[in-house]
Amino acid sequence: VKVESLELDIDIKTENDNDLEKDTWQTYIWVCSLCHVDFKTVEELRSHTKEEHNMCNAFACFDCKKNYMLFEEFIKHIREHREALGSNCQYCKESFTSEELCNEHVNTHLNGSQKICKLCGEILPIASSLDEHKQLYGQTVRANGEVEKKSWKDYTWICQVW
């Protein structure tokens, strides 16, 4: 019996392969770290976490499923998996020729009175908006590092002065 070998040239892509031309924030899949629902945009994820979980931040890495509570740390982590995103602005999705130019550009999203929530990365129009945002969606972190699933509005404030 004679068996002939057949050579096939097959290009198999996995979900972790980096396709630099397609790896943008517009194609990134945003995942809620609390219920693992996928979203097409960070804005959809923020709305979901506010409405469903009474929080503004719950980021899970699509590639390795690691959870993050701070937007900047999450973005930094994602860029370790997907180098092409290092030169794409996470706010307006504009693409740049280098990570340095992108970092300079990110600062242009803040005009004098605007503030960024460190938890979710949302740009708020004025400092008082950020204060209100924090009161509504801020969280308590326990001493052991676990996040309390309640916001400050869930607590009763008691005057300690008698």
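Run the numbers for Lys65 and Glu132: contour at 0.36 nm per residue of separation, minus the present Cα-Cα distance, in nm.
Numbers: separation 67, 0.36 × 67 = 24.12 nm, distance 3.04 nm.
Fully extending the segment from Lys65 to Glu132 adds 21.1 nm.
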Interchain or sequence-distant (5+) residues whose placed amide H lies within less than 5 Å of the amide H of Glu122 are Cys117
Residue separation between Lys76 and Leu101 times 0.36 nm, minus their alpha-carbon distance, gives in nm 7.4 nm
Taking 20 Å as the cut-off for C-alpha to C-alpha distance, list the pairs among Lys40/Lys66; Lys66/Lys115; Lys40/Lys115 that go past it.
Lys66/Lys115; Lys40/Lys115
Suppose the chain between Thr24 and Glu51 were pulled fully straight at 0.36 nm per residue; how much longer would it get relative to their current alpha carbon spacing?
7.1 nm
log10 of Debye I(q)/I(0), alpha-carbon scatterers only, for the range 30-151 at 0.22 Å⁻¹:
-1.38
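Read-outs throughout are calculated quantities, based only on the coordinates presented, and are distinct from any laboratory measurement. Since this is a predicted model, take the numbers as computed values, not measurements.
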